[in-house]
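The values are calculated or read from the model by the stated rules, or taken from the named source; none is laboratory data. Note that the coordinates shown come from a computational prediction; the quantities given were computed from them, not determined experimentally. Cβ: placed from backbone, ideal geometry, glycine included. Neighbour counts: every protein chain shown.
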2 protein chains.
Amino acid sequence: MGDTLNSTDLMRGAPPPADRQVTLANWRLPPFNRWGFQNVRQILPTAPISRGGAAALPLAADRHPIDGIAFAGPDGGEWTVARMLAETWTDGLVVLRGGRVVAEHYDNGQRPETPHLVFSVSKSFTGALAGIAAGSGQLDPDAPVTRYIPEATGSAYGDCAVRHVLDMTVGTSFEESYLDPAGDYVRYRVATGWNPPGDPSWIADMRGFLLTLKRDRKPHGETFHYVSPNSDLLGWILERATGERLADLMSRALWSRLGAESDAEITVDRLGAARTAGGISVTLRDLARLGETMRRGGKAGNAQVIPAAWVADILGKGDRAAWARGEMAELLPGGSYRSQWYSLNNASGAFCAIGIHGQWIYVDPAAEVVIAKQSSQPLPVDDATDHLLLRGFDAIARALAG
Amino acid sequence: MGDTLNSTDLMRGAPPPADRQVTLANWRLPPFNRWGFQNVRQILPTAPISRGGAAALPLAADRHPIDGIAFAGPDGGEWTVARMLAETWTDGLVVLRGGRVVAEHYDNGQRPETPHLVFSVSKSFTGALAGIAAGSGQLDPDAPVTRYIPEATGSAYGDCAVRHVLDMTVGTSFEESYLDPAGDYVRYRVATGWNPPGDPSWIADMRGFLLTLKRDRKPHGETFHYVSPNSDLLGWILERATGERLADLMSRALWSRLGAESDAEITVDRLGAARTAGGISVTLRDLARLGETMRRGGKAGNAQVIPAAWVADILGKGDRAAWARGEMAELLPGGSYRSQWYSLNNASGAFCAIGIHGQWIYVDPAAEVVIAKQSSQPLPVDDATDHLLLRGFDAIARALAG
């Protein structure tokens, strides 16, 4: 990986050389993403998700070498954790066992205090927040979406339930094509403010765009169909259900209660709508804290932050048949997706949150292990790397459980 | 003032009603500025100015009622401080005496932890930072600008010194016309990213724009001429002189040493250039901390943060003749401007930092009083209000000195 630029080579100099400028037009493309993912707020408008004034929950050290842990890659080749980290564009990796820090690693200029974009792990934050709103009675997961968003009548969301949105089983023709230069996804990115303005006829705000999603012929609830706009809609539903702006809600109900050590942030569109599908940036250790809270059934310290029943529902109620029918079945054979979290449904009960370009929370309850990884992989989706990482994470958990 | 919207009426609802949306197109206009000035990062890209990990310098309380302090307004009418605050779109006011909090007042939804845009008080932050760079030998205030910015050759800055930039005595035809819809200032605002994109032929980055400023016939150094781009250029000079990005430099050299209790932030343009002329947002108490540090000759706690000689130079070396020839002479008769700070040159040695729409740091050394005010006045410049506030601040200082 030595033939490319890293974050400390980019945006240096006043002005930076033209070929090392990170802008709204290139920030998610390699090599610009190496700086972009650590500096989202310098590219886009963002709302702060305050940690509030409480003390951070300490993460005590329990150091254990992990670099030499060996495992067989999906290609059958021999791998070590050190090689895995070196070859997967790692910006940061932290491993907790029983809530203590076994290993903590930074690269590419990232530091413990750097908020790093976690892309679709943001969905899992939002799924946890939905659980809190459900627990307080503000959100009914079984209600029709139109109870909260009457404007959704006539769209793909006009006849589905919040549950379908939570579990990514909405029947819609929307295609999540990250590399298609001309499809739905490009119009979506322009609407979210993540790409420069596009055709003037396009919808220029995110929620306006969500209402343009169309039904397809599949019944809701039958097939896992990964549609990021669903998770943005979930954020909108939460605002309507609670009456709070999303960033403020997440601060009050989740971030200020998690023991976070840093403020988080979320990108907002031109009307202030928070991109709950992918716009959250957090520090590495705070990412791990969310995983640890999930591992502990929703508890952070002594506080029940996320309802235990919601966490249990995520881990036990995923629909494997819907997953098997879906487009990502090959990633996690036998897996499921529930309330914006993935379950492996393996012997150790592992579950995870995944974001494009290499963002992960991986929890192995049997081993009491939580792994958080932030990366700047050049491609948004890279199946081979995903399979490699899943094997590596499992190897770390097995080694630490031993 | 009850006939208008305040910050808590704006950007509520998902989406907010069309007439209550704050966007890049309206955020500095009333009533949208009432929300905009407290939420700049949700409108524009910003770089964080970290306070670092040190403890905040405590501001002990020494409460004293100020609301009833009476004074004669510039119109000859009777005023009280309470009426002054109520009628000048106050978002926050804090008064220190001997470094202790005499009074602290918030309105319009602002809170102690809210970063509020301080507009051209940002210049005074940058002037303090220039003093730190001068003290460390990295910046020579008497050097030609072209030593740091060779690209400035041929522009208004091609034959002037850093000192002229610091003191706003550059001879340039640039006109600071906040309300002119078609002049230099509009092109400047588009270049800084503060306005939506303009004519495609316009320069789309701030520093590119700075190089288009033209000389006029006035010799440099002779006449005070308020030109915000000078202060943006000063930020550029500091980046070149130190090799650090502006926000990182300000964090390391000033913000992390001032005892600040909150991170600050600064708007950045599409190439990451920090708007040192006006883009800093800070909390009210941290704004007062900068004033208190200046009052104490550059010391925060026991640390000499800004060189004492630089502060003394600001207070003693302002060119009153240049000021008297300039376009703001009527605001502070007998005043002066040095290194981005205003001096009143009155009996108590008062000096101040001023930003449009009602942002102030006012220091009265004789009374050991520091006043910080953040506001969302509807007009950028309002001479009558400025005169009123100057009288009110003086009245507060006199009352507390008594």
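If I ask for residues that are assigned to a helix (DSSP H, G or I) and not β-branched (Val, Ile, Thr), which ones from region B:381-395 would you list?
B:Asp383, B:Ala384, B:Asp386, B:His387, B:Leu388, B:Leu389, B:Leu390, B:Arg391, B:Gly392, B:Phe393, B:Asp394, B:Ala395
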Criterion violated by A:Arg63 - all others in (1) under 30 Å from A:Thr267 (Cα atoms); (2) part of a loop (DSSP other than H, G, I, E, B); (3) at pLDDT 95 or above satisfied: (1)
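Residue under question is A:Thr126, and the condition is that it be assigned to a helix (DSSP H, G or I) and either out of contact with any Phe, Trp or Tyr (no Cβ under 8 Å at 6 or more places or on another chain) or not hydroxyl-bearing (Ser, Thr, Tyr) (or both); does it hold?
Working: assigned to a helix (DSSP H, G or I): yes; either out of contact with any Phe, Trp or Tyr (no Cβ under 8 Å at 6 or more places or on another chain) or not hydroxyl-bearing (Ser, Thr, Tyr) (or both): yes.
Yes: the conditions hold for A:Thr126.
Provide a single number: the residues in region B:254-263 that are surrounded by 23 or more Cβ atoms within 10 Å (Cβ to Cβ) and not in a loop (DSSP other than H, G, I, E, B).
Matching residues across region B:254-263 total 1.
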Kindly check whether there is at least one residue in region B:217-236 that is away from chain A (no Cβ under 14 Å), modelled with pLDDT under 95, farther than 25 Å from A:Phe32 by Cβ and over 17 Å from the mean Cα position of the chain (by Cα). yes
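Being of a type in the set (Lys, Arg), within 14 Å of another protein chain (Cβ to nearest Cβ) and within 21 Å of the chain's Cα centre (by Cα) narrows it down to one of B:Arg20, B:Arg34, B:Arg51, B:Arg28, so name that one. Spell out the reasoning first.
On the way: B:Arg20 fails: within 21 Å of the chain's Cα centre (by Cα); B:Arg34 fails: within 14 Å of another protein chain (Cβ to nearest Cβ); B:Arg28 fails: within 14 Å of another protein chain (Cβ to nearest Cβ).
When all the criteria are applied, what remains is B:Arg51.
Looking for whichever is buried (at least 23 other Cβ atoms within 10 Å of the Cβ), over 20 Å from the mean Cα position of the chain (by Cα) and either modelled with pLDDT of 95 or more or of a type outside the set (Val, Ile, Thr) (or both) here; the options are A:Ala156, A:Ala161, A:Ala191, A:Ala204. Which one fits? Reasoning before the result, please.
Values: A:Ala161 fails: buried (at least 23 other Cβ atoms within 10 Å of the Cβ); A:Ala191 fails: over 20 Å from the mean Cα position of the chain (by Cα); A:Ala204 fails: buried (at least 23 other Cβ atoms within 10 Å of the Cβ).
So the residue among A:Ala156, A:Ala161, A:Ala191, A:Ala204 that is buried (at least 23 other Cβ atoms within 10 Å of the Cβ), over 20 Å from the mean Cα position of the chain (by Cα) and either modelled with pLDDT of 95 or more or of a type outside the set (Val, Ile, Thr) (or both) is A:Ala156.
Among the residues of region A:264-281, write down those that are assigned to a loop (DSSP other than H, G, I, E, B) and either facing chain B (nearest Cβ under 10 Å) or among the small types (Gly, Ala, Ser) (or both).
A:Asp269, A:Arg270, A:Leu271, A:Gly272, A:Ala273, A:Ala277, A:Gly278, A:Gly279
Please pick out the residue among A:Ile354, A:Ile396 that is of a type in the set (A, V, I, L, M) and within 20 Å of the chain's Cα centre (by Cα). Let's see the steps before the verdict.
Details: A:Ile396 fails: within 20 Å of the chain's Cα centre (by Cα).
One residue alone meets the criteria, A:Ile354.
Every residue, every condition in (1) of a type outside the set (Ser, Thr, Tyr); (2) closer than 26 Å to B:Ser256 by Cβ; (3) surrounded by 24 or more Cβ atoms within 10 Å (Cβ to Cβ), yes or no:
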site	(1), (2), (3)
B:Leu290	yes, yes, yes
B:Lys299	yes, yes, no
B:Ala308	yes, yes, no
B:Asp313	yes, yes, no
B:Gly318	yes, no, no
B:Gly326	yes, no, no
B:Glu368	yes, yes, no
B:Ser376	no, no, yes
B:Leu400	yes, no, no
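Can you confirm whether A:Gly68 is in contact with a strand residue (DSSP E or B) (Cβ under 9 Å, 6 or more places away or on another chain) and either more than 14 Å from chain B (Cβ to nearest Cβ) or crowded, with 16+ Cβ neighbours inside 10 Å (or both)? Walk me through how you get there before you give the answer.
Working: in contact with a strand residue (DSSP E or B) (Cβ under 9 Å, 6 or more places away or on another chain): yes; either more than 14 Å from chain B (Cβ to nearest Cβ) or crowded, with 16+ Cβ neighbours inside 10 Å (or both): yes.
It is true that A:Gly68 is in contact with a strand residue (DSSP E or B) (Cβ under 9 Å, 6 or more places away or on another chain) and either more than 14 Å from chain B (Cβ to nearest Cβ) or crowded, with 16+ Cβ neighbours inside 10 Å (or both).
Conditions (1) outside any helix (DSSP H, G or I); (2) in contact (Cβ under 8 Å) with a residue 60 or more places away in the chain; (3) among the hydroxyl-bearing types (Ser, Thr, Tyr), marked per residue:
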{"site": "A:Leu166", "(1), (2), (3)": "no, yes, no"}
{"site": "A:Glu175", "(1), (2), (3)": "yes, no, no"}
{"site": "A:Gly198", "(1), (2), (3)": "yes, no, no"}
{"site": "A:Asp232", "(1), (2), (3)": "no, no, no"}
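What's the total number of residues in region B:6-25 that are surrounded by fewer than 15 Cβ atoms within 10 Å (Cβ to Cβ) and either of a type in the set (S, T, N, Q) or not in a helix (DSSP H, G or I) (or both)?
Step one: filter region B:6-25 for residues surrounded by fewer than 15 Cβ atoms within 10 Å (Cβ to Cβ), giving B:8, B:13, B:17-19, B:25.
With either of a type in the set (S, T, N, Q) or not in a helix (DSSP H, G or I) (or both) added as a condition, the list becomes B:8, B:13, B:17, B:25.
Residues in region B:6-25 being surrounded by fewer than 15 Cβ atoms within 10 Å (Cβ to Cβ) and either of a type in the set (S, T, N, Q) or not in a helix (DSSP H, G or I) (or both): 4 in total.
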